[in-house]
Amino acid sequence: MRKTSMWRLATVVTGAAALVALVAGPASAHVTVNPGSATQGGYTKLTFRVPNEKADASTTKVEVVVPTDTPIASVSVKPVAGWTIVTERSKLPAPVKDDDGGEITEAVSKITWTATADAAIKPGQFQEFDISAGPLPSVDQIAFKALQTYSDGDVVRWIDIAAGGTEVEHPAPILKLVPKAAASAAATAPADDDSGSSLPLWLSIAALAVAVTALALATRRQQTA
């Protein structure tokens, strides 16, 4: 009886753990930019997080496109150990003003990080790439389309842009931008309860705990019967 109960317990734990992984996994598997929002006209540090999704290949190159139709006048990159960085500049469709009132006719349009063999992102790992950018344009959002190259030659194109809340297979990293006035109001307002965004994960964890507890109690009753 004890072996049967333990087998049931293991089955429940495995199933519940798989449910937790299913809920939490997809959100963390994409190339993302953090923070997810910033203020129009401001400067900020942007971090591109790149997870390795393959079990048999490493990520050797990451390319991020900075759109010139919503140009960012100043872009600088932070060194990453074991990675070379190349920035490309392109002519802008129309000049933009810098902080000193001067005209800028070209800006960074692409950043490429290339790894040495030892620094490549191995299976089960991720790497973060930081840039400083500003002043941020007066638009609702910027889509930083990205390419992820693997050691087996495969290239994953993170370039899809969701519309109307629909899911896309390879979403581009999106930076939401808010006007200065809205950002100031949000800073002084009480913080919203964001527990809803993590509700599915907490429900899965709660289900796991309840299932394990219930089966453990049932096993104990059978052993004492």
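Worth pointing out:
- When residues of the stretch 155-185 are limited to those that are in contact with a strand residue (DSSP E or B) (Cβ under 9 Å, 6 or more places away or on another chain) and charged (D, E, K, R), the one surrounded by the most Cβ atoms within 10 Å (Cβ to Cβ): D160
- Restricting attention to the stretch 46-90, the residues that are aromatic (F, W, Y) and touching a Leu at 6+ places or on another chain (Cβ under 8 Å) add up to 0.
- Filter pass, D100 being over 25 Å from S37 (Cβ atoms), acidic (D, E) and in contact (Cβ under 8 Å) with a residue 40 or more places away in the chain: no
- Residue pairs whose Cβ atoms lie under 8 Å apart, separated by 6 or more positions or on different chains, with the first residue in the stretch 62-89 and farther than 19 Å from N52 by Cβ and touching a residue at least 60 places away in the same chain (Cβ under 8 Å) and the second among the polar types (S, T, N, Q) and part of a strand (DSSP E or B), are V65/S109; V66/S109; P67/S109; S74/S132.
Every number in this text was worked out from the coordinates using simple rules, so none of it is lab data. Everything numeric here is computed off the predicted structure, so don't read it as measured data. All Cβ positions, glycine included, derive from the backbone under ideal geometry; neighbour counts span all protein chains shown.
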